[in-house]
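Take a look at the structure set out below.
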Amino acid sequence: KAPLAPYPIVIVGHVDHGKSTLIGRLLHDTDSLPEGRLAELKKVSEQRGLHMEWSFLLDALQIERDQGITLDTTRIWFRTPKRPYVIIDAPGHREFLRNMVTGAAAADAAVLVTDAERGISEQTRRHAYLLSLLGVRKVIVAVNKMDLVDHAEDAWKGVAGDVSDYLQKLGIEPLYVIPLSARHGDNIAARSEKMAWYRGPTLLEALDLLVPAAPRTEAALRLPIQDVYRKGDTRLAVGRIETGRLKVGDKVEIAPTGQPATVASIDAGKGSVPEARAGQSVAVSFIEDAALNRGQIIAPAGHMPHIATTIRVRAFWLDPESLTAGSRITLRLTTSEHPVVVEKFERLVDVEHLTDGEGSELGQGGIAEIVLRSSAPIAFDHASDLPITGRAGLARGGRIVGGCILLGAASNVTVAG
Ligand code: GDP
């Protein structure tokens, strides 16, 4: 039997509300720490005259990463008896964003950490908003530091109510709202006796109850081309099928040019196959001598993505240097890259009240609807139809510093077909 694929989750929340501590705790309580690491940590803690600080664990891993040593803190693994998990981001990294917007490793679920004493904050709301924007709809709320509020049910209820209300406004129904203490290990692996009033699952039980999203094999085919190479006289387009299925003999169109092609062969890694589906990486050849390039999207004949040069997007921005009308950035949509200019600001989103505002500048952490213009046509889907080909990273100076979901063509529409 094939090993279970690790279930990808992300842990988000306001800085200092306890994400690193929670991750350290998860690693420890599931026995996923590298050999000897716990003893080392205890020593460091004692030398600093502190009791065991789980967040040191992540710091230690981070230092090793900065020094170019083995460990990758952007992929932290742990396992329960039920299945393996991968946390696809360590707190504070842009990796989550990059992974999500490029589809490299999409989190299927999120743990939103909120401090029981300090409650919901602006940053809690912002992270919740980003989850909704990026389509992460399975959210577990961890009400952390319950030890600071005497493990009181009322304190939990207050924070739980605030966070749930906000998530519901975004159309997300939180799956579990768990009172816990990352530092003391309450309600993470073991049920807490100090919170006997709580009847729901522990964090690990809640994670194990999540049902992974199935690959979207029934949606329209979208196969973004990652690479093109030659094998003898045959040209092969290589990429991962993001949605739908592909069969030998299928008539397809290659976006954005719209050139028609017929599938001659599909190789799914272990030789030729008659059919492949969402989630598989494939090498495809065509009967016609089609002009193939990285960044094109293979789609079913008659079901091409939208093609436009001017696109309305809902964007979030993380760079200290603001985004303004006229800014030149790069849109990275699956495997394609397009230089674009910010043509105009349609509205700014007030994350606290979820209302619209006016403005023409997007500062760090801001969210706005803007119009982007490209000189060449861009193939894309509406995020509400096909999320993977409907979102993109926003890069400046070669680094991803924002992301967006694509809402539609703003004008200059080239009708396909
Ligand atoms: P992050 O910035 O969200 O990763 O937060 P950290 O994990 O670094 O935690 C911030 C501070 O809160 C640290 O001093 C932790 O020791 C402390 N902390 C984390 N979890 C708990 C908890 O359950 N109870 C208490 N009392 N402190 C905690």
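The values are calculated or read from the model by the stated rules, or taken from the named source; none is laboratory data. Please read these numbers as outputs of a predicted model, since none were measured by experiment. Glycine gets a Cβ as well: all are built from the backbone with ideal geometry, and neighbour counts include every protein chain shown.
Check off (1) near the ligand (Cβ under 9 Å from one of its atoms); (2) modelled with pLDDT under 85; (3) of a type in the set (S, T, N, Q) for residue 67 and give me the number that stays unchecked.
(1)
Which ones in segment 169-183 are of a type outside the set (Asp, Glu) and away from the ligand (no atom under 13 Å from the Cβ)?
If the condition is that a residue be of a type outside the set (Asp, Glu) and away from the ligand (no atom under 13 Å from the Cβ), then 169, 170, 171, 172, 174, 175, 176, 177 are the ones that fit.
How many residues are part of a strand (DSSP E or B) and within 15 Å of the ligand (Cβ to nearest atom) when one looks only at segment 1-32?
Matching residues across segment 1-32 total 4.
Can you tell me which residue in segment 193-202 is farthest from the ligand (Cβ to nearest atom), limited to those that are over 20 Å from residue 20 (Cα atoms) and assigned to a loop (DSSP other than H, G, I, E, B)?
That would be 199.
Which pairs have Cβ atoms under 8 Å, sit 6 or more apart or on different chains, and link a residue in segment 178-192 that is farther than 13 Å from residue 117 by Cβ and in a loop (DSSP other than H, G, I, E, B) to one that is charged (D, E, K, R) and more than 9 Å from the ligand (Cβ to nearest atom)?
Hits for this filter: 185/29; 188/29; 189/29.
To keep it simple, each residue is scored yes or no on (1) at pLDDT 95 or above; (2) crowded, with 19+ Cβ neighbours inside 10 Å; (3) within 12 Å of the ligand (Cβ to nearest atom).
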residue	(1), (2), (3)
150	yes, no, yes
157	yes, no, no
167	yes, yes, no
213	no, no, no
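Results for (1) modelled with pLDDT of 95 or more; (2) assigned to a loop (DSSP other than H, G, I, E, B), shown as yes or no for each residue.
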site	(1), (2)
284	yes, no
290	no, yes
299	yes, no
303	yes, yes
308	yes, no
312	yes, no
320	no, yes
